[in-house]
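Q: Before anything else, here's the structure in question.
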Amino acid sequence: MAQLSRWWLLVLWLFPLSLIAEPALPQPEPGFKMLEDLPVANQIPLLENRFRIDDGIETITMVLFRRPGTASVVLVRPDGSKIFYNTAKQHNIRWHDAASYDLIEIAKPMPGPWQALGRILPESKILVLTDVELDVDPLPKPLMVGENFKLTARLKDGEQIVNARDFKDILTLQVIFISTNNKDYDNFGRGIVEVATFRDDGRGYDASARDGIFTGEIKLNFGAGEWIPKFTVKTPLYTREIEQAPIVIEPAPVDLAVTAAAAEQIHHLVTLKPTTDLVDTTSLLFQAQVNYPDGDMDVFSITSPGEAMQFAMENRGHGSYILNVSVFGQMIDGREFVLHLPEERFLVTLQARDAPALAALPEEELAVDIASPEPPASAPFPWLWIIVVNLFILIGGAIAIWFVLTGKPISSLLFWRKEKIKVVAPTKAGPAAETKKVQKNNDSDDILDLSLPDD
């Protein structure tokens with residue numbers, strides 16, 4: 001019994017140690033939900049399962065999602081050597097193999113091009129800890145469709161801003177929003193939207209050129225819904241990406257309605273109505289620009305918070321009217337905002353007019369009109385004469401063309417008349433003349449004169 005009790009004590013003593021040595025790792029859900037527990041850090045882009053690690057990276061963490069039930073991935077280092085799940089400890093690599101993902105942490109990885117082999121899904125992430133990082137200001141919350149605001153990002157090397165003057169080309173920062181494909185929001189299935197591109201060239205909102213600080217304007221002129229902001233900066237030496245936590249873009253806080261005039265002498269009416277409780281309705285100011293069908297432009301303003309949120313617009317007749325409205329105000333939490341409502345176009349069609357009424361005629365004129373006989377029927381159209389004249393013109397033209405081509409005189413048309421033969425008498429009669437010339441009679445039969453001349 002004493003020996004058995006000692007075994008039980010040994011088992012009870014080792015059991016908590018086993019829990020400490022091998023903690024039970026929770027099985028996170030596949031997809032982006034696993035990244036909620038990870039800090040927002042810099043990333044390295046994963047293109048066709050390939051990525052490049054630059055020199056100076058201290059730690060890299062890879063979350064490689066793969067199809068459920070498939071084998072764990074295989075890493076190929078720049079020197080061509082391969083790292084498997086069962087050989088990770090030999091390379092001082094921490095590797096957790098789950099059913100649908102691989103969580104890998106590498107300290108001081110080999111710089112150069114790496115490759116991951118396996119059925120890797122696109123939502124995989126490669127997070128890095130290094131002195132070179134991209135620092136982006138957090139986005140204001142809540143955001144609304146049409147809102148415009150300024151954003152600043154910095155490329156830092158430790159605590160210092162990267163000296164971008166050492167690079168030949170101007171550095172650019174690309175801003176994209178990725179839809180979370182949440183069915184509860186209107187942007188389900190929207191994919192990727194390119195929002196803006198900042199250039200470190202000292203133009204626009206950017207204060208100084210090539211100082212490693214990117215400043216630009218974000219215009220949320222796309223649909224409402226849940227989005228993931230993603231920022232990417234590329235240099236000749238390295239590429240840095242950062243994703244912020246998902247944000248929700250609310251619909252525009254003001255609804256715009258246009259009431260078309262019922263007559264030409266009446267103005268069109270534009271009404272602005274708040275549709276959300278996120279803004280302070282008493283702080284809203286409006287400025288509108290109207291383009292009329294005739295090409296003119298006019299500006300309207302509502303600058304008093306207590307003023308009615310509507311204005312009258314001139315009626316310039318039928319055609320297309322284009323209305324652009326800017327809204328200035330404050331959120332409930334006091335944040336100032338500026339947004340532009342979607343462009344409003346409305347068409348005014350040409351109104352039908354009633355025919356003017358005829359003046360009443362006296363009864364005598366009406367009686368005369370009623371008693372007047374019907375007009376005589378029109379004469380039939382002279383088709384026969386038209387046919388004859390056309391035939392005459394065609395025959396005459398054909399004869400004229402025949403004379404021109406053959407060169408014969410007009411008298412050749414008198415084919416029933418025979419041509420007369422002229423007789424030429426001899427100029428001198430004498431004994432030398434032995435015979436007379438044969439002559440033709442003008443009659444229908446020809447007779448030869450065979451008489452001898454007189455002595």
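Q: For segment 209-217, indicate whether the set of residues that are closer than 30 Å to P113 by Cβ, assigned to a strand (DSSP E or B) and among the basic types (K, R) is non-empty.
A: No, every residue in segment 209-217 fails to be closer than 30 Å to P113 by Cβ, assigned to a strand (DSSP E or B) and among the basic types (K, R).
Q: Now a separate question. Looking at (1) assigned to a loop (DSSP other than H, G, I, E, B); (2) over 18 Å from P342 (Cα atoms), which is the only condition N221 fails?
A: (2)
Q: So A261 clears everything in (1) closer than 30 Å to R52 by Cβ; (2) in contact (Cβ under 8 Å) with a residue 12 or more places away in the chain except one condition, right? Which one?
A: In the conditions (1) closer than 30 Å to R52 by Cβ; (2) in contact (Cβ under 8 Å) with a residue 12 or more places away in the chain, A261 misses (1) alone.
Q: Something else about it: Does E217 qualify as being at pLDDT 90 or above and either under 26 Å from the mean Cα position of the chain (by Cα) or outside the structural domain of P138 (by TED's automatic domain parsing) (or both)? Working first, answer last.
A: On the way: at pLDDT 90 or above: yes; either under 26 Å from the mean Cα position of the chain (by Cα) or outside the structural domain of P138 (by TED's automatic domain parsing) (or both): yes.
Considered against the rule, which asks whether it is at pLDDT 90 or above and either under 26 Å from the mean Cα position of the chain (by Cα) or outside the structural domain of P138 (by TED's automatic domain parsing) (or both), E217 comes out as yes.
Q: Select from segment 139-163 the residues that are surrounded by 16 or more Cβ atoms within 10 Å (Cβ to Cβ), at pLDDT below 90 and either assigned by TED's automatic domain parsing to the domain that holds G56 or of a type in the set (A, V, I, L, M) (or both) and list them in ascending order.
A: Of everything in segment 139-163, those that are surrounded by 16 or more Cβ atoms within 10 Å (Cβ to Cβ), at pLDDT below 90 and either assigned by TED's automatic domain parsing to the domain that holds G56 or of a type in the set (A, V, I, L, M) (or both) turn out to be L155, V162.
Q: Return the residues of segment 81-110 that are among the small types (G, A, S) and either surrounded by 13 or more Cβ atoms within 10 Å (Cβ to Cβ) or in a strand (DSSP E or B) (or both); say none if nothing qualifies.
A: Kept after step one, since they are among the small types (G, A, S), are these residues of segment 81-110: 81, 88, 98-100, 107.
Once the filter is applied, which keeps residues that are among the small types (G, A, S) and either surrounded by 13 or more Cβ atoms within 10 Å (Cβ to Cβ) or in a strand (DSSP E or B) (or both), segment 81-110 yields A88, A98, S100, A107.
Q: Could you tell me which residue of segment 61-79 is farthest from L46 (Cα to Cα), considering only residues that are in a loop (DSSP other than H, G, I, E, B) and among the aliphatic types (A, V, I, L, M)?
A: A71
Q: Out of everything in segment 250-270 that is in a strand (DSSP E or B) and of a type in the set (D, E, K, R), what residue ends up being nearest to I322 (Cα to Cα)? Quick ask: steps written out before the conclusion?
A: Initially, segment 250-270 is screened for residues in a strand (DSSP E or B), giving 250, 254-259, 268-270.
Filter once more, keeping what is of a type in the set (D, E, K, R): 250, 255.
Details: E250: 25, D255: 16 Å.
Looking at residues that are in a strand (DSSP E or B) and of a type in the set (D, E, K, R), I get D255.
Q: Looking at segment 206-221, which of its residues are in contact (Cβ under 8 Å) with a residue 12 or more places away in the chain and of a type outside the set (A, V, I, L, M, F, W, C)?
A: R210, D211, G212, T215, G216, E217, K219, N221
Q: Let me ask another. Which ones in segment 225-249 are within 19 Å of G189 (Cα to Cα) and part of a strand (DSSP E or B)?
A: Result: G225, E226, W227, I228, P229, K230, I247, V248, I249.
Q: Any idea which of (1) under 24 Å from L151 (Cβ atoms); (2) part of a strand (DSSP E or B) is the one L347 doesn't satisfy?
A: (1)
Q: Could you please find all residues in segment 126-167 being closer than 16 Å to N42 by Cα, within 34 Å of the chain's Cα centre (by Cα) and part of a loop (DSSP other than H, G, I, E, B)?
A: Within segment 126-167, D137, P138 qualify.
Q: Among the numbered criteria (1) touching a Gly at 6+ places or on another chain (Cβ under 8 Å); (2) modelled with pLDDT of 90 or more, which single criterion is violated by D255?
A: Here D255 meets the rest and fails (1).
Q: Turning to a different aspect of this structure: Is it true that T271 is touching a strand residue (DSSP E or B) at 6+ places or on another chain (Cβ under 6 Å) and either in contact (Cβ under 8 Å) with a residue 24 or more places away in the chain or surrounded by fewer than 16 Cβ atoms within 10 Å (Cβ to Cβ) (or both)? First the steps, then the outcome.
A: Details: touching a strand residue (DSSP E or B) at 6+ places or on another chain (Cβ under 6 Å): yes; either in contact (Cβ under 8 Å) with a residue 24 or more places away in the chain or surrounded by fewer than 16 Cβ atoms within 10 Å (Cβ to Cβ) (or both): yes.
Yes, satisfied.
Q: To continue, here is another question. Taking segment 182-214 as the search range and keeping residues that are acidic (D, E) and under 26 Å from the mean Cα position of the chain (by Cα), which one is surrounded by the most Cβ atoms within 10 Å (Cβ to Cβ)? Before the answer, list the steps.
A: First pass over segment 182-214, keeping only residues acidic (D, E): 184, 186, 194, 200-201, 206, 211.
Right, trim to under 26 Å from the mean Cα position of the chain (by Cα) and you get 186, 194.
Numbers: D186: 13, E194: 10.
Among those residues, the one meeting the criterion is D186.
Q: Examine segment 347-367 for a residue that is of a type outside the set (F, W, Y) and at pLDDT 90 or above, and state whether such a residue exists.
A: No, segment 347-367 contains no residue that is of a type outside the set (F, W, Y) and at pLDDT 90 or above.
Q: Right, here's the next one. For segment 107-144, how many residues are over 30 Å from L339 (Cα atoms) and out of contact with any helix residue (DSSP H, G or I) (no Cβ under 8 Å at 6 or more places or on another chain)?
A: Final tally of qualifying residues: 25.
Q: A further question follows. I'd like the full set of residues that are surrounded by fewer than 16 Cβ atoms within 10 Å (Cβ to Cβ) and either within 30 Å of V254 (Cα to Cα) or of a type in the set (S, T, Y) (or both), limited to segment 111-138.
A: D137, P138 - these are the residues of segment 111-138 that are surrounded by fewer than 16 Cβ atoms within 10 Å (Cβ to Cβ) and either within 30 Å of V254 (Cα to Cα) or of a type in the set (S, T, Y) (or both).
The values are calculated or read from the model by the stated rules, or taken from the named source; none is laboratory data. Here the structure is a predicted model, which is why all the values come from computation and not from measurement. Please note: Cβ atoms are built from the backbone with ideal geometry, for glycine as well, and neighbour counts cover all protein chains shown.
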